[in-house]
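Here's the structure, in structure tokens; my notes come after.
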Amino acid sequence: MNPRPGGKTQTGNVADARARLAIARKYLEVAHVAASESDESPEARNVAGALAVLAGIAAADAACFAALGLRSRSQNHRDAIALLEQITPGGAAAARHLARLLDLKDAAQYGIISLSSKELKEALRAADALETFTIDVVRRKGGTQPRSRGRSSPYTRRPPLPFQRKDGGGPSRCRASRQVLTVTRWACRSLR
């Protein structure tokens with residue numbers, strides 16, 4: 001196996017993988033919070049989609065660090081797809097998820113027109129699948145950490161976040177929720 005398909009790379013280890021995975025999980029957590037506002041604010045769909053893309057890129061870096069000992073540092077994020085495909089088992093499916101996220105990247109981060117609800121769901125599903133894949137890769141290569149959040153499949157419904165209402169409605173007004181929503185609203189306003 002040749003782990004250098006082209007483009008610049010950076011070497012790393014399982015500790016680096018865990019660090020990138022932690023970042024991916026935070027991006028994804030905030031993406032789900034922003035997505036919960038997407039019915040009220042179409043701009044929130046772009047913010048959530050952009051965060052899902054960032055989560056997917058960070059998760060791909062973590063999986064590559066854990067399995068291959070390196071990640072792509074190329075200006076072209078698509079170089080990471082070739083690295084993901086080298087991870088067995090599951091690398092080909094993970095590469096497809098990353099490719100889908102990268103297809104949405106420009107629209108989510110630089111687009112004038114908001115992402116559709118369908119595109120946002122696709123982005124969140126792809127990011128969730130990449131996170132689950134990366135958790136499995138890191139667990140195989142570096143012990144039992146980090147722990148999964150109890151999901152059996154990347155497509156099962158995520159459990160409510162600690163600051164979401166139990167009825168599935170929007171976030172409750174606890175302090176953490178207000179802080180995240182303030183940042184989300186600020187980001188949406190800056191897109192206008």
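Could you tell me whether region 33-43 includes any residue that is among the hydroxyl-bearing types (Ser, Thr, Tyr), in contact with a Gly (Cβ under 9 Å, 6 or more places away or on another chain) and surrounded by fewer than 16 Cβ atoms within 10 Å (Cβ to Cβ)?
No.
Can you tell me which residue is surrounded by the fewest Cβ atoms within 10 Å (Cβ to Cβ) among those in region 53-78 that are closer than 22 Å to residue 108 by Cα and over 17 Å from the mean Cα position of the chain (by Cα)?
75
Hey, residue 34 hits all of (1) over 18 Å from residue 132 (Cα atoms); (2) without any contact (Cβ under 8 Å) to a residue 40 or more places away in the chain; (3) assigned to a helix (DSSP H, G or I) but one; which does it fall short on?
(2)
Select, from 129, 99, 80, 93, the only residue that is touching an Asp or Glu at 6+ places or on another chain (Cβ under 8 Å), part of a helix (DSSP H, G or I) and among the small types (Gly, Ala, Ser).
Result: 80 is the single residue among 129, 99, 80, 93 that is touching an Asp or Glu at 6+ places or on another chain (Cβ under 8 Å), part of a helix (DSSP H, G or I) and among the small types (Gly, Ala, Ser).
Bear in mind these aren't lab numbers, they're just calculated from the coordinates by the rules spelled out. None of the values given here were measured: they were computed from a predicted structure. Note that each Cβ is placed from the backbone with ideal geometry, even for glycine, and that neighbours are counted across all protein chains shown.
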